[in-house]
Amino acid sequence: MYESGMRYNSLNHYLVSKYNERVFKIALNGGMTCPNRDGTLDDRGCIFCSRGGSGDHAAPLSESVTSQIDNAITTLHKTKPGIRRFIAYFQAYTNTYAPVEYLERLFTEAIMHPDVVCLSIATRPDCLPAEVMELLKKLNNIKPVWVELGLQTIHEKTADHIRRHYTLDVYDDAVIRLKNAGLTIITHVIIGLPGETETDMLKTIKHIISLPLDGIKLQLLHVLKGTDLADEINDIHILTLEEYTDIIIHCLEIIPEHVIIHRVTGDAPRKLLIAPEWSLNKHGVLNRINHELKVRNTWQGRLI
Ligand code: SF4
């Protein structure tokens, strides 16, 4: 049976199988910005992105990477004494959007921390120039490096609407280059984007699994205060928990078993979330998805 208790190939299950113990993510602040925010491509950001650059749980920038990791471990030990292994996760903004010398200092400090087993870097596929690819390849020889690409959708109409500012072929090309460099690739997809049907969302999943992918994050669309999406709230359909559960199960059914499911919902900060309110009960959402898989007597959509 699966250690995580979930009826799909969850990240927890993968990590416990690999390290024989739980491994925890530490969200780090690398002091980045994003071409979608600094005026290079746009100065407004994606319509759903909060001022924290989709990294509202990260540590303050004033601390060094080592201090951020040590402080996070101290905090985690208060509720989970004895945990020993951690993933250094650069989440907020675009974490390869800086001079390569700066990135090298930052990422090397994180990956060399003795309690860090893996480096995870969230970025955009249009921010992976050759010198950054070389750096990531080099770091991957020290410890595993995961690159998390924020694709969200394959549909250009939606991509224009959310102001993503790169085309699908840029993503496809980045996946091939990352794979050729031996890196682990995780793609972020948002479920419930304005104007998208379930068929559209499943087409996105089908496209990304046709490429050499290692992991997927399925992220519920959150409407957050202070975003342009919040101004559209009366014009968009907010998924119900029932609709969301069904879509997630249909996604899981078509995702190959070797692809690790890093996430099936999301963690919006309570103080920023406008909708959907039901998503605040993350355990409730996870339990419901798992319960539905159990009722259907399936493991990730496959009959058991
Ligand atoms: S690319 Fe990422 S960090 Fe930049 S605006 Fe969009 S969601 Fe935010």
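The values are calculated or read from the model by the stated rules, or taken from the named source; none is laboratory data. The shown structure was predicted, so the numbers you read here are calculated from the model rather than taken from an experiment. Here the Cβ positions follow ideal geometry from the backbone for every residue, glycine too, while neighbour counts run over all protein chains shown.
Within this structure, Leu128 fails the test of being more than 30 Å from Asn234 (Cα to Cα), in contact (Cβ under 8 Å) with a residue 24 or more places away in the chain, surrounded by 20 or more Cβ atoms within 10 Å (Cβ to Cβ) and more than 14 Å from the ligand (Cβ to nearest atom).
Among the residues of the stretch 151-166, are any surrounded by 22 or more Cβ atoms within 10 Å (Cβ to Cβ), under 21 Å from Ile260 (Cβ atoms) and more than 16 Å from the ligand (Cβ to nearest atom)? Among the residues of the stretch 151-166, not one is surrounded by 22 or more Cβ atoms within 10 Å (Cβ to Cβ), under 21 Å from Ile260 (Cβ atoms) and more than 16 Å from the ligand (Cβ to nearest atom), which makes the answer no. Residue check: Ala174 meets all listed conditions (1) more than 16 Å from the ligand (Cβ to nearest atom); (2) over 16 Å from the mean Cα position of the chain (by Cα); (3) among the hydrophobic types (A, V, I, L, M, F, W, C); (4) surrounded by 21 or more Cβ atoms within 10 Å (Cβ to Cβ) but one, namely (1).
When you scan the stretch 94-115, do you find a residue that is small (Gly, Ala, Ser), outside any helix (DSSP H, G or I) and under 30 Å from Leu239 (Cα atoms), even just one? Even if it seems obvious, please write down each step before you answer.
Taking the stretch 94-115 as the starting set, the residues that turn out to be small (Gly, Ala, Ser) are 98, 110.
Now drop any that are not outside any helix (DSSP H, G or I), which leaves 98.
Then drop every residue that is not under 30 Å from Leu239 (Cα atoms), which leaves none.
So far as the stretch 94-115 goes, no, none of its residues is small (Gly, Ala, Ser), outside any helix (DSSP H, G or I) and under 30 Å from Leu239 (Cα atoms).
Cβ-Cβ distance below 8 Å, separation of 6 or more or different chains: which pairs start in the stretch 93-112 with a residue that is more than 13 Å from Arg124 (Cβ to Cβ) and away from the ligand (no atom under 16 Å from the Cβ) and end on one that is assigned to a helix (DSSP H, G or I) and of a type outside the set (A, V, I, L, M)? Sorted first by the residue in the stretch 93-112, then by its partner, the pairs are Val100/Glu131; Glu109/Thr66.
Among the residues of the stretch 61-76, those that are without any contact (Cβ under 8 Å) to a residue 40 or more places away in the chain and of a type in the set (Gly, Ala, Ser) comprise Ser62, Ser67. For beta carbons closer than 6 Å, sequence separation of 6+ or different chains, a first residue in the stretch 221-248 that is under 17 Å from Lys294 (Cα atoms) and a second that is part of a loop (DSSP other than H, G, I, E, B) and at pLDDT 95 or above, the qualifying pairs are Ile248/Val264. Residues in the stretch 167-207 that are part of a helix (DSSP H, G or I), closer than 10 Å to Thr153 by Cβ and not hydroxyl-bearing (Ser, Thr, Tyr): Leu168, Asp200, Met201, Lys203, His207. When Ile87, Ile47 are checked against the criterion of being of a type in the set (Val, Ile, Thr), surrounded by fewer than 22 Cβ atoms within 10 Å (Cβ to Cβ) and within 16 Å of the ligand (Cβ to nearest atom), a single residue qualifies: Ile47. Looking only at the stretch 4-30, residues that are part of a loop (DSSP other than H, G, I, E, B) and either surrounded by 15 or more Cβ atoms within 10 Å (Cβ to Cβ) or touching a residue at least 60 places away in the same chain (Cβ under 8 Å) (or both) come to 10 in all. Remark: Thr40 falls outside the filter, which requires a residue to be among the hydroxyl-bearing types (Ser, Thr, Tyr), more than 21 Å from Thr167 (Cβ to Cβ) and within 13 Å of the ligand (Cβ to nearest atom).
Taken over the stretch 90-116, the criterion of being among the aromatic types (Phe, Trp, Tyr) and buried (at least 16 other Cβ atoms within 10 Å of the Cβ) is satisfied by Phe90, Tyr93, Tyr97, Phe107.
I'd like to check something: does the stretch 56-66 contain any residue that is outside any loop (DSSP other than H, G, I, E, B) and either modelled with pLDDT under 95 or away from the ligand (no atom under 13 Å from the Cβ) (or both)? So far as the stretch 56-66 goes, yes, one or more of its residues are outside any loop (DSSP other than H, G, I, E, B) and either modelled with pLDDT under 95 or away from the ligand (no atom under 13 Å from the Cβ) (or both).
Pairs are defined by a Cβ separation below 7 Å, a sequence spacing of at least 6 or placement on different chains, a first member in the stretch 204-220 that is surrounded by fewer than 16 Cβ atoms within 10 Å (Cβ to Cβ), and a second member that is not small (Gly, Ala, Ser); the pairs so defined are Lys206/Ile254; Leu211/Asp172; Leu211/Val175; Pro212/Val175; Pro212/Lys179.
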